[in-house]
2 protein chains.
Amino acid sequence: MNVDVLFNPNSVAIIGASRDPGKIGHVLVRNFIEGGFRGPIYPINPKCTEILDLKCYPSVKDVKGGVDLAVIAIPAKFVPGELKECGEKGVKGAIVISGGFSEVGNVDLENQLREVCNKYDIACLGPNCMGVINPLTRVDSVFIPTYKMGRPKLGAVSFISQSGAIGGAVLDLMARQGFGMSKFVSYGNGAVLDETDLIRYIADDDKTRIIVLYIEGVRRGREFFETLKEVTKKKPVVVLKGGKTAGGAAATKSHTGSLAGNAAVYEAVFKQCKATEARNLDEIFNFSKLFESQPFCSGERVGIITNGGGLAVIATDSVEENGLKIAELSEESRKKISENAPAYVNVKNPLDLSGDAGADRFGVAVNVMLDDPNVDAILVGVLFQTENIDSRVVSLLVEASNLKKKPMLVVCPGGEYAEVHSRILENCGVPTYTSSNYAIKALSKLVDYSKFVNKK
Amino acid sequence: MNVDVLFNPNSVAIIGASRDPGKIGHVLVRNFIEGGFRGPIYPINPKCTEILDLKCYPSVKDVKGGVDLAVIAIPAKFVPGELKECGEKGVKGAIVISGGFSEVGNVDLENQLREVCNKYDIACLGPNCMGVINPLTRVDSVFIPTYKMGRPKLGAVSFISQSGAIGGAVLDLMARQGFGMSKFVSYGNGAVLDETDLIRYIADDDKTRIIVLYIEGVRRGREFFETLKEVTKKKPVVVLKGGKTAGGAAATKSHTGSLAGNAAVYEAVFKQCKATEARNLDEIFNFSKLFESQPFCSGERVGIITNGGGLAVIATDSVEENGLKIAELSEESRKKISENAPAYVNVKNPLDLSGDAGADRFGVAVNVMLDDPNVDAILVGVLFQTENIDSRVVSLLVEASNLKKKPMLVVCPGGEYAEVHSRILENCGVPTYTSSNYAIKALSKLVDYSKFVNKK
């Protein structure tokens, strides 16, 4: 099956296109037009002749040119019939948005859908899914208006989500945080293409550097885990498993109609596969933004630089709690820092530059630690509220991070003023966190994966 | 000593007041004026005659009227001398902002400071601290300009922080999140008044319903813990302990000059004292906003309502992972929900109302669960991105929460659109979270404390 056509079609038909702005079939057409999809867009609806200035066709078979991809948003019972028409037309890929299949007990209908797709060799996502976003080719089958849910900018993280809800929330957060995405795919019930097919495709996608996965159940267990094991040799995979507890597992059955399996088994297998397990939505971000933006880590010795004593204390606790080590600064480093700081700054690691530190003191400390062979990664805790901190600190952190010498993470707790600065840092590829222990936990995951990469 | 005068003075002298807008002594005067402090403000500086239109005095002794509180921001070595003048003038409280005492090894100077305060019975905060904010009387000795660090609105949470950095970050976050504060106090080195004195004062403050504590070390261990044990009988205490690991403990020595002690000891004692331990800054918020806004909990059975299947799955996992239980809905509840939802909604707990749910479906579910005796607390997961969710959902959640029948928490992951709505919820006293496991972890803490309260 041609999975690629889902992400890179030359033309798209929207089956169930609507003139009613409240309908999914309308939002889909609008999103393809406004997103700037470059090929022809064919709305399909026997009751209309025109939707949003585009000619509307009674059936996909009435379209004159070829149709690569069909996005289907019609009542469930009509879906297999429409897929048959798509097959006859030569459509290669289909995204079935419609729900009402195995997740509500209609297993027969889902089997019919699968049979049609197999017969006509249609690469099919769903049913009961949100489908695809590819910011490069502007495919956007997510039926949520852009004013309610932002679309991430182009980047290197691809996200495969069984759940549409989780997928949508993550997309929206990615957009909000200025996170760059390569491909998004929500596969819902996975009647035809499942997590294994999709992870294989994304693993070979040279625009994707990090894969994020949300799964509830896995259809072909052995194949999935063998694939995962191969994929992590090429690129990091961050995975969140829903339905790990007994109750959660029961809940997945009525959600995507899949069996969730045993928590301990999944945890052990993820570990064995070198996949990085996230425990919640926030950890997906905390981990993947670090993997995406920072170089691999040569070891586990952390240098801490801050302008707040309490921050230094908490960050140090975090380092030890997460199994990392506080770096011992070299003699040379200590000397250079001392020469450029007032006498009351206690030059050691964690390095508390004191509440009156400004860009100059931070600049020396960051660059010294970047060059110190005893330091493998740097955590910078900036209290933007203090008197001498200004946007020059942002600039120097961006410049230091751009050198890609070592992983560097920034913790900047606070309100609006801190947020404005951390947003700029994020947009420039410097990962920021509100708490040092979220930062250090993410770093510990990067250290683990780096060990695996360095061993190869 | 008159601790109350630090929070409720009738007049204030600012020793080290300055005309230079970049100086702490200037920001202090400005913050008292702009904050709206109702009594007289006396800038003290022998080199000026006027600061920000206020008459400036060479010495505190030159002030004609009485002075209740002195805020001191001058080089460390001059502090004991100024305190002596304050004592002779009859000043009852002092906040020593200046650093340069035991935290940098100047133990003698700190001893001198303590002796003067004891001799003249001056209730003294610091040195090396940020002092006090009381939004009611508009005392504000935090020397950070308001454009860099917001001030929280008046409310019921009081925050005692050893560290100024942590204190400032938390204040700023409180302001940003629309969190209401009763009193803030940062006590730095705690040379005169320490954590035990302050927690005793705040425990008796009838405007404070929740106490949040950040400590690194404790001076009078036994007294502190005996006090804490008494205080938690009156109101909940959320505590974050910095310097729990060996490295973190070493870092505290050069920060506030205190000894941090053993992690396991602290954890055990907090548990014994029924204080709620937070592991990081975010948990302080996650926990205390729930304690502040929601009623105590009658049990541990959680009802989950959502419009996203994946959210229901993850929330259910969170409930079990945090030792709570998924409630079994009553026959009557299930009937009422069924009558008001389409056939494809699977009526059980967790309750996935489906992606097309709107305010009506949510309204029925929330109110049914509020009345169901089998449900002790409610988690509502709202994907604001979906088609039928609008601000009516916000209104019904606020109204349901206002009934104060049971704890209700809202999870709304997402970007700008979700944030706008969650901000409104927060401002109306409905605690919101980005991840269900942060919400459920907070709920588990409320359940624990409620058990303790219910037993009494």
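The values are calculated or read from the model by the stated rules, or taken from the named source; none is laboratory data. All figures in this text were calculated on a predicted structure; none of them were measured in a lab. FYI the Cβ positions are ideal-geometry reconstructions off the backbone, even for glycines, and counts take in every protein chain you see. Ligands, DNA and RNA are stripped out before the accessible areas are found, and what is left, the full protein with its side chains, is counted by its heavy atoms. Shrake-Rupley method; radii C 1.70, N 1.55, O 1.52, S 1.80 Å.
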- request: Could you pull out every residue, at least 5 positions away or on a different chain, whose amide H is within less than 5 Å of the one on B:LEU125? Hs are placed 1.01 Å off N in the peptide plane, and Pro or chain starts have none.
  value: B:ALA94, B:ILE95, B:VAL96
task: Specify the inter-centroid distance of segment A:147-187 and segment A:379-413, based on alpha-carbon positions, in whole Å.
output: 26
For segment B:229-335: rounded, prolate or oblate by the Cα gyration tensor [a/c cutoff 1.5]: prolate
task: Could you tell me, in Å, what Rg and Dmax come out for the Cα atoms of segment B:1-130?
output: 13.6, 39
- prompt: For chain B, can you list the cysteines whose C-beta has no other cysteine C-beta under 4.7 Å from it?
  reply: B:CYS86, B:CYS129, B:CYS273, B:CYS297, B:CYS412, B:CYS428
- line: Beyond 21 Å, the calculated P(r) of segment B:295-455 holds a percent of Cα-Cα pairs equal to 38
- request: Quote to one decimal, in nm, the extra length available between B:LYS55 and B:SER338 on full extension: 0.36 nm per residue of separation minus the C-alpha distance between them.
  value: 94.7 nm
- request: Whenever you get a sec, compute what percent of the accessible area on the protein assembly as shown sits on carbon and sulfur atoms (1.4 Å probe).
  value: 50
message: Please compute the per residue accessible area over the protein assembly as shown with all protein chains in place, 1.4 Å probe, rounded to a whole number of Å².
response: 35
query: How many Cβ atoms of partner chains, on average, are near each residue of A:314-327 if near means within 10 Å of its Cβ?
result: 5
statement: Quick shape check on the protein assembly as shown: root eigenvalues a ≥ b ≥ c of the Cα gyration tensor, a/c under 1.5 is rounded, otherwise prolate if a/b tops b/c, else oblate, and it reads prolate
message: Using a 10 Å cut-off around each Cβ of peptide B:280-291, what is the average number of partner chain Cβ atoms that fall inside?
response: 3
message: On a full-extension model of 0.36 nm per residue, what is the gain between A:LEU403 and A:LEU370, subtracting their alpha-carbon distance, rounded to one decimal in nm?
response: 11.0 nm
message: Quick check for me: using +1 on Lys/Arg Cβ and -1 on Asp/Glu Cβ, what's the dipole size of segment A:1-151 about its Cα centre, in debye to the nearest 20?
response: 320
- request: Determine the principal axes of the Cα atoms in chain B, then give the extent along each, sorted from largest to smallest and rounded to whole angstroms.
  value: 80, 47, 36
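Anything in chain A that counts as a DSSP H helix reaching 27 Å or more along its axis (C-alpha) with Kyte-Doolittle mean of at least -1.0? List them, would you?
Span-like helices here: A:436-455.
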message: Given points 7 Å out from each Cα along the Cα-Cβ axis, report the B:LYS234 to B:ASP20 separation in nanometres with one decimal.
response: 4.4
query: Using protein heavy atoms only (no ligands, DNA or RNA), what is the total accessible area buried between A and B, 1.4 Å probe, nearest 100 Å²?
result: 4800
message: Which one, A:LEU52, A:VAL3, A:VAL375, is farthest towards the positive end of the dipole of the protein assembly as shown when Lys and Arg carry +1 and Asp and Glu -1 on their Cβ?
response: A:VAL375
message: Just to be sure I understand the interface: list residues from segment A:146-171 that lose 50 Å² or more of accessible area between the chain on its own and the complete protein assembly, 1.4 Å probe.
response: A:LYS148, A:ALA165
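Do the sum for chain A: with -39,500 (n - 2.57) for every DSSP H run of n ≥ 4, divided by all residues, what is the mean residue ellipticity at 222 nm, to the nearest 500 deg cm²/dmol?
Numbers: 16 runs with 187 residues, N = 456.
Here the helix-only value at 222 nm equals -12500 deg cm²/dmol.
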query: If you take every DSSP beta bridge whose two residues both sit in chain B, what share of them, in percent to the nearest 5, is antiparallel?
result: 10
statement: If unit charges are put on Cβ atoms (+1 for Lys and Arg, -1 for Asp and Glu) and the dipole of chain B is taken about its Cα centre, the option from B:ASN106, B:SER333, B:SER444 lying farthest towards the positive end turns out to be B:ASN106
query: What pairs in A:LYS23/A:LYS64; A:LYS153/A:LYS445; B:LYS348/B:LYS455; A:LYS244/A:LYS455; B:LYS55/B:LYS84 have C-alpha atoms more than 29 Å from each other?
result: B:LYS348/B:LYS455; A:LYS244/A:LYS455
query: Does anything in segment B:393-418 have its amide N under 15 Å from the 7 Å Cα→Cβ label point of A:ARG423, and if so which residues?
result: B:415-418
